[in-house]
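Participant: Quick one: structure below, then a few questions.
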Amino acid sequence: ALGLGQVAASLFHLFTHGFFKAALFLCVGNIAHALGRSTAGVDDVGGMRKAMPVTYACFVAAALSLAGVWPLAGFYSKDAILDAAWRQGGGYAAVGLLIAAASAFYIFRMLFLTFHGERPQQKRGGESPHEAGPAMFVPVVFLALGALAVGFLRREVSNLVLFGLKGLPMGI
């Protein structure tokens, strides 16, 4: 969006992106905590949906927003970018759609492998995963709610950005 000259759209996407990406990263942190590790890869997890329902719900909300599903926040910010790309020409729009499709693919692949796939530790008799305590899952819930709802603030955020840019010295 910034490359297309759409400052407000690029900053709005940065704003929405902050909510869904932060929620996703904290969900992964909760999963690593549940496994008793400092890190965990997709190959280390699977079948976490029933053991971690709050984390699962937050991950789904953030993943849907990242994928640009209407009426979630990611839809509004990606739509603004794709609209600008479409107005610039078909090549820009095609690249934008390809990037949007690829990001949706990778996040849902991670969702299905992590929460619905077979858990490798279950084969070896590992410790049962568990939901993190409130100190860890409450921030994720608030971020996931933001990933669901901040798209409705698109006009306010855009107006704030545009108003702020008008007040900046020309050298910045």
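The values are calculated or read from the model by the stated rules, or taken from the named source; none is laboratory data. None of the values given here were measured: they were computed from a predicted structure. Cβ sites come from the backbone with ideal geometry, for glycine too, and all protein chains shown count toward neighbours. With ligands, DNA and RNA removed, areas are computed over all heavy atoms of the protein, side chains included. Shrake-Rupley method; radii C 1.70, N 1.55, O 1.52, S 1.80 Å.
Participant: Using the Cα centre as the reference, give the magnitude of the dipole from point charges on the C-beta atoms of region 1-87 (Lys, Arg: +1; Asp, Glu: -1; all else neutral), rounded to the nearest 20 debye. Don't skip to the answer; put the middle values down first.
Facilitator: On the way: 6 positive and 4 negative charges, 24 e Å.
Roughly 120 debye, rounded to the nearest 20.
Participant: Another question about this same structure. With a cut-off of 8 Å between alpha carbons and a minimum separation of six or more residues, what is the relative contact order of region 72-157 in percent?
Facilitator: On the way: 32 pairs, mean separation 51.7, N = 86.
Across region 72-157, relative contact order equals 60 percent.
Participant: Over the chain, with a Gaussian network built from C-alpha contacts below 10 Å, which listed residue (Phe142, Phe115, Phe15) shows the highest mean-square fluctuation?
Facilitator: Looking only at Phe142, Phe115, Phe15, the largest GNM fluctuation is found for Phe142.
Participant: Further question: Summarise the accessible area of the chain (1.4 Å probe, protein heavy atoms) by the percent that is carbon and sulfur.
Facilitator: On the way: 6600 of 9700 Å².
In the chain, the share of accessible area belonging to carbon and sulfur is 68 percent.
Participant: Work out the length of the dipole vector of region 53-162 about its Cα centre, built from +1 on the beta-carbon of each Lys and Arg and -1 on the beta-carbon of each Asp and Glu, and round it to the nearest 20 debye.
Facilitator: Its charge dipole is roughly 180 debye.
Participant: Would you mind working out the accessible area per residue for the chain, using a 1.4 Å probe, and quoting it in Å²?
Facilitator: Working: 9700 Å² over 172 residues.
Per-residue value: 56 Å².
Participant: Can you tell me, using C-alpha contacts under 8 Å and at least 6 residues apart, the relative contact order of the chain as a whole percent? Provide the component values of the computation, followed by the final result.
Facilitator: Working: 234 pairs, mean separation 66.2, N = 172.
In percent, rounded to a whole number, it is 39.
Participant: Calculated from DSSP H runs of 4 or more alone, at -39500 (n - 2.57) each and per residue, what is the 222 nm mean residue ellipticity of the chain, nearest 500? Walk me through the intermediate numbers first.
Facilitator: On the way: 7 runs with 115 residues, N = 172.
Helix-only estimate at 222 nm: -22500 deg cm²/dmol.
Participant: Further question on the same structure: Just the number, please: Stokes-Einstein D of the chain in µm²/s, Kirkwood Rh from C-alpha pairs, 4 °C, 1.567 mPa s. Provide the component values of the computation, followed by the final result.
Facilitator: Details: Rh = 17.4 Å.
This corresponds to a translational diffusion coefficient of 75 µm²/s.
Participant: First check a/c for region 53-100, with a ≥ b ≥ c the square roots of the eigenvalues of its C-alpha gyration tensor; if it is under 1.5, answer rounded, and if not, answer prolate when a/b is larger than b/c or oblate otherwise.
Facilitator: On the way: a/c = 5.58, a/b = 2.78, b/c = 2.01.
Cα axes put region 53-100 in the prolate bin.
Participant: What is the Cα centroid distance between region 1-60 and region 65-102, reported in whole angstrom?
Facilitator: Between the Cα centres of region 1-60 and region 65-102 lies a distance of 19 Å.
Participant: Further question: If Lys and Arg each add +1 and Asp and Glu each add -1, what is the summed charge of the other residues whose beta carbon sits under 10 Å from the beta carbon of Tyr56?
Facilitator: Numbers: positive: Arg49, Lys50; negative: Glu131.
Neighbour charge sum, excluding Tyr56 itself: +1.
Participant: Span-like helices, the chain: DSSP H, alpha-carbon axial extent 15 Å or more, mean Kyte-Doolittle 0.0 or greater, which ones? Let's see the in-between values first.
Facilitator: Details: long enough: 7-35 (41 Å, 1.38); 53-66 (19 Å, 1.72); 73-88 (23 Å, -0.25); 90-111 (31 Å, 1.54); 134-149 (22 Å, 2.19); 154-166 (18 Å, 0.12).
Helices passing the filter in the chain: 7-35, 53-66, 90-111, 134-149, 154-166.
Participant: Listed highest first by mean packing, meaning other Cβ atoms within 10 Å per residue, what order do 148-156, 44-52, 132-140, 61-69 come in? Each step should come with its number before you reach the end.
Facilitator: Working: 148-156: 17.2, 44-52: 18.8, 132-140: 15.3, 61-69: 24.4.
Answer by packing, highest mean first, reads 61-69, 44-52, 148-156, 132-140.
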